Amino acid sequence: MVNIDKFKLDRSKTTNLANFSRTIEDGIGILSCCTAMVGIDSSFTHLAAGLGKPVLGIYGPFRGDLRMRYYKTADWIESSDYNECGQHPCFFH
């Protein structure tokens, strides 16, 4: 498991802006003004990377490498408990 503190996030400068976004256009506008993004595997994680923003993706059922390896500004945290027991059934699609 990765220690999130290794990324040296200044928590006093971290804000959840989801409540201000009513449409995808709102979200992209807000994202374009952000310094970086921390989020789950979602369209906004990919949009942030596309905008060249530093991104920290949080992954569970999917391996972060499958989604984020193509982005130069991205890193990820993922579960270390991958196996074939069906614990992460979404991964096997």
At 1.4 Å probe size, what's the solvent-accessible area of residue 53? Round to the nearest 10 Å². 40
Within region 8-42, trypsin sites (Lys or Arg not before Pro) in DSSP loop having at most 13 other beta-carbon neighbours inside 10 Å: 8, 22
Two decimals is fine: what's Rg over Rh for region 24-70, C-alpha atoms, Kirkwood radius as Rh? 0.96
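The values are calculated or read from the model by the stated rules, or taken from the named source; none is laboratory data. What you see is a predicted model, and the numbers here were worked out from it, not measured in a lab. Don't worry about glycine lacking a Cβ; one is built from the backbone with ideal geometry, like all the others, and counts go over all protein chains shown. Surface areas here come from the heavy atoms of the whole protein model, side chains and all, with no ligands, DNA or RNA. Shrake-Rupley method; radii C 1.70, N 1.55, O 1.52, S 1.80 Å.
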